[in-house]
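Worksheet: the structure to be examined is printed underneath.
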Amino acid sequence: MNTNRLLSLLISFLGLLPATAQSENNPVANPQAVVQVGNARFTVLTPEMIRIQYSEKQLFEDRATFAVVNRRLPVPHFTKEERDGFFYLQTDELQLKYKIGGKIDARSLEYPVLTITFSLNGRKVVWYPGKDDALNLKGTTRTLDGQIGDNKRSEMENGLLSRAGWSVIDESPLTRRGDGSTTFAFDKQYDGIEWVAEPVDKKAVDWYFMGYGHQYKKALGDFIRIAGRQPMPPLYVLGYWYSKYQRYTSDEFMEIVNDVKRNQIPMDVMIFDMDWHTQGWTGWTWDRTAIPDPEGLIDWMHRQGLKVSLNLHPADGVDDDEDFFTELRNDMGLGTSTKVIPWNLSDPKFYHHMFNRIIRAREKQGVDFWWLDWQQNLTSKYVSGLGETFWCNHVFYNDMRLNRPSHRPVIFHRWGGLGSHRYPIGFSGDSFTTYGTLAWQPYFTATASNVCFGYWGHDLGGHQQTGDNDPEIYLRWMQYGVFTPIFRTHATNWPGIERRIWKYENFPLLLETVKLRYALMPYIYTAAREAYDTGISICRPLYYDNPEDNNAYLYEDEYMFGPDILVAPVVKPSDIDGKARRKTWLPAGRWFDVCRNQVVEGNRAFTDSYTQEEIPYFFRAGTIIVNNPPMLNLNERPDRLILKVIPGADGSTTLYEDEGDTEGYKQGAYTTTLMEQHQVSDGVSLILNPISGQFNGMPQQRAYTVEFLARQKPQQVLVNGKPQANGVWNYDEQRQVVTVYVPSTPCTQKTTVQLRNR
């Protein structure tokens, strides 16, 4: 048994336990963790994290702010003393030194009045205010609008991780976020939503120093303790979305769905882009010339097993020819001469009436979630510095949480700065269809994990393109999309762009990408739970597991997809021989090369060529990858699972399941199933442990198709110690796969499957 691997999995899922008993966030730190020295105040949050505040008015913010919503953590061990005009604070990992009476200011050119010292790989590191974090590993940016190649690299904001070993979260009220907005406090609730409030001292310094060295996963885990977890999106969100900016009529929408079903394409979400409504960019009223019966169309979509999302660009407010204009105008107390009700979501009165009149009306017609395509004013006209993107995300998400409690809240939106991870999921914007654009998106997606923004959804195929539709680049984008958080095709409304995969000559290969996505769903959903528990997103850079290996930073178009799949997507066109070459680096350890059907050694780089049907990805040796059987959507829980048992080492995995679209997972309504494999002298043994936990609709019985990959034909196969005859198992000599069919048994029972070579 790979002890370290098993311990890691146990730690990950023990992380479930605190979440089930999780109390509400408390922004007020334990007083025993707080030390005030004149105009400075220090709060010890963890041994590696200290909050640093400075206010000449001695007004210190104790309310939640946009990035930080919880400071009530167990008080770590620390000491403090004053000596020779300095204040010293020592945790188990950090030493803070402050010149008593000194002004804390990142712009000061004087000798630093504040330093924090720690050890990184046996080397002393000293931080001081204003020190350049040149080795920051970056986070993300608001949008990929206009992305060609890596032209958005310079816009990437700093993240929580750095090769320097330290980073600073700056929640100072005057500090500009990536979109030019600033942070604010949360204060009084309106209709149950925590509302924006001015800081107690606008000129105050409010920093969170994180000195975690290269313990990247620990840093992210502690960040979600103070900033809130990444909520799990509904299961259906992880399925295939059809989307295109095009004025589809009801008949055309239905034709698309019928074509999808005719071609046996799995699918879960249908997007109605902005042409569902009248007017221009902003609109709230159905265009009934295109969609005469919206309720009927949405109900039909639901009966086909699909969820429906509508696109919004709300910046221009509500015009006088919109549905509910008169009612909303009267609610707001505006005069009859009013022609436009301005969009002012920072006003609780506007929020209350706007949502009760218009948003609720559309939701009652069946809208499942909103695509909040905010791209106009970056900051509010009414509250200086308030980011419209962040505030819209906060209000729309929490409104759904409060007003539709039977469903898991979700919105589709742009990044609004640190703290946006609490409002999944992200829409990356309007990129161009080029191989260079595709090549940079793996880096972009994985790097967003450094700020826990783990659910970017891209326009698979690119948004804008020049020239004809290229089947190969679309295929490569879809192959990459299989291993991204959100699997959504999209493009602009240029007539020549096609996103219906069944219209392409290589449709069979495109279809295989969708099928692979659905097959991997149990693994993907389990990784989503891991993100909730640990802060480690589904797509994560290679340096999380290999922080001291320089290659983990250099090969930026590779990434881990969940804990056990390394993905190295093809991001170049094929050569004249029809194959695309790419260089891949595998970290230390043993890996199963899926394309080559063999176990290979890591800690090396190699070049290989791939046909268009091949996707370079690698399983960690010894793991068990849980797959769904073929399915057309995620509405039904399969009564049979496919287990791919990866050779090369002992190992294990834990399958996570819950209700799929409720908040019950936060209160312990979920199950886990531990699966282990052991290499023995005469073969291999697979143990399926009894299911643990419970939730409404949980499986009571389950069958398994167990595929032992890259194995020789065994002499004997046993299930629960009993020899099995041919027919219950078979051997595919060409694929070198031993397949064992385990009949349906109660999930509360332990099941073992053994292959014996002698």
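The values are calculated or read from the model by the stated rules, or taken from the named source; none is laboratory data. What you see is a predicted model; the values in this text were computed from it and never measured. Cβ sites come from the backbone with ideal geometry, for glycine too, and all protein chains shown count toward neighbours. Side chains are part of the model used for accessible areas, which takes the heavy atoms of the whole protein and leaves out ligands, DNA and RNA. Shrake-Rupley method; radii C 1.70, N 1.55, O 1.52, S 1.80 Å.
Numbers below:
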| item | result |
| --- | --- |
| Listed residues Trp502, Trp494 arranged by accessible area, highest first, probe 1.4 Å | Trp494, Trp502 |
| Burial order of peptide ranges 377-387, 507-517 (average beta-carbon count within 10 Å, highest first) | 507-517, 377-387 |
| Per-residue ³J(HN,Hα) for the range 276-290, Karplus 6.51 cos²θ - 1.76 cosθ + 1.60, θ = phi - 60°, Hz, x for Gly and Pro | 5, 10, 7, 6, x, 5, 9, x, 10, 10, 4, 7, 7, 6, 9 |
| Cleavage-rule hits, trypsin sites (Lys or Arg not before Pro), the range 300-350, DSSP coil, Cβ neighbours within 10 Å at most 16 | Lys339 |
| Long-range amide H partners of Gly426 with built H, under 5 Å | His413, Tyr455, Trp456, Gly457 |
| Accessible area expressed per residue, the range 341-470, with surrounding protein chains retained (probe 1.4 Å, Å²) | 25 Å² |
| Hydrodynamic radius by Kirkwood, which averages 1/r over all alpha carbon pairs of the range 226-317, in angstrom | 14.5 Å |
| Candidates per GluC sites (Glu not before Pro) in the range 671-758, loop by DSSP, up to 12 other Cβ within 10 Å | Glu733 |
| By accessible area with a 1.4 Å probe, ligands and nucleic acids excluded, highest first: order of Arg51, Arg637, Arg596 | Arg637, Arg596, Arg51 |
| Cα pair distances of the range 291-425 binned at 10 Å [whole percent] | 11, 39, 36, 13, 1 |
| Sparse-neighbourhood loop sites, GluC sites (Glu not before Pro) in the range 104-197 - DSSP loop, at most 11 other Cβ within 10 angstrom | Glu110 |
| Relative packing of 639-645, 401-407, 680-686, which averages over residues the other C-beta atoms within 10 Å, highest first | 639-645, 680-686, 401-407 |
| Karplus-derived 3J(HN,Hα), 6.51/-1.76/1.60, for each residue of the range 393-400, Hz, glycine and proline x | 4, 4, 6, 4, 5, 6, 4, 5 |
| Candidate aspartates and glutamates for bridging to Lys349, where Cα separation is under 15 Å - those fewer than 8 sequence places away on the same chain excluded | Asp191, Glu194, Glu327, Asp331, Asp399 |
| Hits among aspartates and glutamates - C-alpha to C-alpha of Lys583 under 16 Å, sequence gap 8 or more where chains match | Glu556, Asp557, Glu558, Asp575, Asp593, Glu601, Asp608, Glu614 |
| Hz values of 3J(HN,Hα) by residue in the range 416-425 - Karplus curve (6.51, -1.76, 1.60), Gly and Pro given as x | x, x, 4, x, 5, 5, 6, 10, x, 9 |
| P(r) weight above 20 Å for the range 389-519, C-alpha pairs, percent | 50 percent |
| 222 nm mean residue ellipticity, helices alone, for the chain (DSSP H n ≥ 4; -39,500 (n - 2.57); rounded to 500) | -5500 deg cm²/dmol |
| Nearest-10 value in Å² for the accessible area of His302, using the 1.4 Å probe | 70 Å² |
| Overall form of the range 499-580 per C-alpha gyration tensor (a/c, 1.5; a/b vs b/c) | oblate |
| Too-long pairs where the Cα-Cα distance tops 24 Å, listed order kept, from Lys99/Lys131; Lys80/Lys188; Lys644/Lys722; Lys307/Lys515 | Lys80/Lys188 |
| Ranked packing of 426-436, 449-459, most packed first, by mean Cβ within 10 Å | 449-459, 426-436 |
| Carbon + sulfur, % of accessible area of the range 614-758 - ligands and nucleic acids excluded, 1.4 Å | 44 percent |
| Largest to smallest accessible area among Asp293, Asp62 [probe 1.4 Å] | Asp293, Asp62 |
| Cα radius of gyration and Dmax for the range 630-758 (Å) | 15.8, 50 |
| With every protein chain in place, the range 312-359: carbon and sulfur % of accessible area (1.4 Å) | 44 percent |
| Alpha-carbon gyration tensor eigenvalues x 5, square-rooted, for the range 717-758, Å | 21, 12, 9 |
| Spatially proximal lysines relative to Lys57 (Cα-Cα < 17 Å; intrachain offsets below 8 disregarded) | Lys103, Lys202, Lys203 |
| Length released on extending from Ser384 to Val600, taking residue separation times 0.36 nm less the Cα-Cα span | 72.1 nm |
| Estimated D of the chain in µm² per second, where Rh is the Kirkwood radius over Cα pairs and Stokes-Einstein applies at 10 °C, 1.306 mPa s | 57 µm²/s |
| Accessible area of the range 242-327 divided out per residue, in Å², using a probe of 1.4 angstrom | 37 Å² |
